[in-house]
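Structure first, then comments.
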Amino acid sequence: MRIRAQILLYVAALLLSPILLAQTSAPPQATPSPATPSPAVDSPEITKLRADLDWARKTLADWPNLGRYRDANTQLAAPTKSEERVVFMGDSITYGWGRQYSTFFPGKPYVNRGISGQTTPQMLIRFRPDVIALQPKAVVILAGTNDLSGNTGPMTLEATEGNLSSMAELARANGIRVVLASVMPVCDYIKPQTERRPPEKIVALNAWIKEYASKNGFVYLDYYSAMIDDSKMFKRELTYDGLHPNAAGYDVMAPLAEKAIATALRKDK
């Protein structure tokens with residue numbers, strides 16, 4: 001409800017700001033001047049307001065973006081008895097894997113269910129249709145960086161941890177092996193990133209993920225350690241913007257993911 005209110009306030013501010021500006025800047029008049037031209041219907045300001053309002057309406061209608069993979073999920077056949085299907089749940093770092101950079105495990109029955117910009121509360125809501133309903137043997141969860149940046153509003157580390165543990169518990173309850181990935185590092189070498197995603201918070205969240213995975217028999221996938229330089233920043237050669245991996249970055253991540261998945265699938269056999 002807080003997010004809905006924030007979006008409505010934002011839209012209201014956008015709609016009212018041109019009117020308020022006109023009222024404060026225009027000289028007082030006893031009667032409206034008939035010669036005053038009305039705003040152009042297709043002016044840049046009106047076009048932007050329409051685009052912002054359209055975005056707000058879509059967000060309010062489907063905040064967790066359940067519709068993003070609805071058709072794809074329907075078209076995906078149930079796994080065969082011997083198929084070791086794996087779903088990758090995440091944000092833009094997962095989404096871009098094989099779509100923007102590198103390839104996404106060719107020949108493997110792996111399913112990409114990343115959505116750019118998403119936070120853990122959004123992923124938790126769509127976990128059933130986008131993970132459990134697909135009947136995978138394992139799930140790889142990579143999430144948290146957008147929580148730190150407040151993409152859907154301010155969040156504490158405890159709230160993020162709670163959402164991660166809820167996804168892991170849902171998976172376990174449905175017989176799905178769990179791989180919990182570390183939050184990726186960031187750097188300011190290319191553009192500013194550390195202010196919105198403080199490195200010390202990334203380290204703290206990763207420490208919790210590692211400990212939680214160990215205590216609960218899940219597999220911890222440590223991307224972070226393989227992606228940092230001597231300054232504990234995202235290696236410049238592995239990222240195109242200081243936040244997302246480039247092709248070289250995904251090439252580092254792929255074998256780490258494969259090893260973690262293999263470990264998860266071997267557990268309790």
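The values are calculated or read from the model by the stated rules, or taken from the named source; none is laboratory data. Everything quoted here is computed from the prediction, not taken from an experiment. Using ideal geometry, Cβ is built from the backbone for each residue, glycine included, and neighbour counts are taken over all protein chains shown.
Just give me the residues in the stretch 88-105 being in contact with a Phe, Trp or Tyr (Cβ under 6 Å, 6 or more places away or on another chain), aromatic (Phe, Trp, Tyr) and part of a loop (DSSP other than H, G, I, E, B), in sequence order.
Phe104
Once the stretch 207-245 is narrowed to residues that are acidic (Asp, Glu) and in a helix (DSSP H, G or I), the residue that is farthest from Lys267 (Cα to Cα) is Glu237.
What about Thr263, is it under 21 Å from Ala138 (Cα atoms), β-branched (Val, Ile, Thr), surrounded by fewer than 17 Cβ atoms within 10 Å (Cβ to Cβ) and at pLDDT 95 or above? Spelling it out, Thr263 is indeed under 21 Å from Ala138 (Cα atoms), β-branched (Val, Ile, Thr), surrounded by fewer than 17 Cβ atoms within 10 Å (Cβ to Cβ) and at pLDDT 95 or above.
Is it the case that some residue within the stretch 56-63 is modelled with pLDDT of 80 or more, of a type outside the set (D, E, K, R) and within 22 Å of the chain's Cα centre (by Cα)?
yes
So for the stretch 185-201 (the condition being in the same structural domain as Pro245 (by TED's automatic domain parsing), touching a residue at least 24 places away in the same chain (Cβ under 8 Å), buried (at least 21 other Cβ atoms within 10 Å of the Cβ) and over 17 Å from the mean Cα position of the chain (by Cα)), does at least one residue qualify? Checked the stretch 185-201: at least one residue is in the same structural domain as Pro245 (by TED's automatic domain parsing), touching a residue at least 24 places away in the same chain (Cβ under 8 Å), buried (at least 21 other Cβ atoms within 10 Å of the Cβ) and over 17 Å from the mean Cα position of the chain (by Cα). The residue pairs whose first member lies in the stretch 118-147 and is within 16 Å of Ala257 (Cβ to Cβ), whose second member is among the basic types (Lys, Arg) and surrounded by fewer than 20 Cβ atoms within 10 Å (Cβ to Cβ), and whose beta carbons are closer than 6 Å, counting only pairs six or more residues apart or on different chains, are Pro136/Arg85; Lys137/Arg85.
Which of the residues belonging to the stretch 106-119 are assigned to a loop (DSSP other than H, G, I, E, B) and within 14 Å of the chain's Cα centre (by Cα)? Those that are assigned to a loop (DSSP other than H, G, I, E, B) and within 14 Å of the chain's Cα centre (by Cα): Ile115, Ser116, Gly117, Gln118, Thr119. Taking the conditions exactly as written (free of Cβ contacts under 8 Å to residues at least 24 places away in the same chain and either on the phi > 0 side of the Ramachandran plot or not hydrophobic (A, V, I, L, M, F, W, C) (or both)), does Gly67 satisfy them or not? Yes; evaluated as a whole, the condition is true for this residue.
Here is a yes/no grid of residues against (1) at positive phi; (2) out of contact with any helix residue (DSSP H, G or I) (no Cβ under 7 Å at 6 or more places or on another chain); (3) among the aliphatic types (A, V, I, L, M):
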{"position": "Met167", "(1), (2), (3)": "no, no, yes"}
{"position": "Val183", "(1), (2), (3)": "no, no, yes"}
{"position": "Tyr189", "(1), (2), (3)": "no, no, no"}
{"position": "Thr194", "(1), (2), (3)": "no, yes, no"}
{"position": "Arg197", "(1), (2), (3)": "no, no, no"}
{"position": "Met233", "(1), (2), (3)": "no, yes, yes"}
{"position": "Arg236", "(1), (2), (3)": "no, yes, no"}
{"position": "Gly242", "(1), (2), (3)": "yes, yes, no"}
{"position": "Glu258", "(1), (2), (3)": "no, yes, no"}
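Is it true that some residue in the stretch 162-182 is assigned by TED's automatic domain parsing to the domain that holds Glu258, more than 30 Å from Glu84 (Cβ to Cβ) and more than 17 Å from the chain's Cα centre (by Cα)? No, there is no match, as no residue in the stretch 162-182 is assigned by TED's automatic domain parsing to the domain that holds Glu258, more than 30 Å from Glu84 (Cβ to Cβ) and more than 17 Å from the chain's Cα centre (by Cα).
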